[in-house]
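Notes to accompany the following structure.
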Amino acid sequence: MAQSTARQLEAIPKKQEQTAPIHKTLPKVRSTRVPFSGFEIMSAALLSLLFMGMMILVISSKVNLSSTQYELQNVNQKIVEIQNDNVNTKQEVSELSNKSRLMKVAQDAGLTMNDNSIRNVSK
């Protein structure tokens, strides 16, 4: 008999068939979630920062607009007050420069008016 260099294997006994278990375990479902790349994470972060910056800009613009409108309202109120003062002053000047009043003040001071010395000048 020739010797062989192959290893002698023992025969593996067949396993007995097992009965089906009462509760079958469900196979684990692998997550099909795809991880984000570095570029996607960076762009999401930059967009979030940009969005926050725009929100802050809008809010500060609204606050600035409100304060400017308040200042405008105060200036308009001062303009109305000054216009009323001007109207009152013009009325007072008109009353003080009335011809009958001027004649009365002149008579009280002892002045008289000579109609012959009055000249009308026209261009």
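The values are calculated or read from the model by the stated rules, or taken from the named source; none is laboratory data. Given the structure is predicted, the values throughout are model-derived calculations rather than measurements. Cβ atoms come from the backbone with ideal geometry, glycine included; neighbour counts cover every protein chain shown. Remember, those area values only see protein heavy atoms, side chains included, never the ligands or the DNA or RNA. Shrake-Rupley method; radii C 1.70, N 1.55, O 1.52, S 1.80 Å.
Among the residues of segment 31-49, at least one is under 55 Å from the mean Cα position of the chain (by Cα) and at pLDDT below 75.
For segment 102-123, filtering for residues that are open to solvent by 100 Å² or more (accessible area, probe 1.4 Å), in a loop (DSSP other than H, G, I, E, B) and not charged (D, E, K, R) leaves 5.
Answer yes if at least one residue in segment 34-44 is part of a loop (DSSP other than H, G, I, E, B), of a type outside the set (Val, Ile, Thr) and open to solvent by 100 Å² or more (accessible area, probe 1.4 Å), and no otherwise. Yes, some residue in segment 34-44 is part of a loop (DSSP other than H, G, I, E, B), of a type outside the set (Val, Ile, Thr) and open to solvent by 100 Å² or more (accessible area, probe 1.4 Å). With respect to (1) at pLDDT below 90; (2) surrounded by 10 or more Cβ atoms within 10 Å (Cβ to Cβ); (3) over 30 Å from Met113 (Cβ atoms), the lone exception for Asn86 is condition (1).
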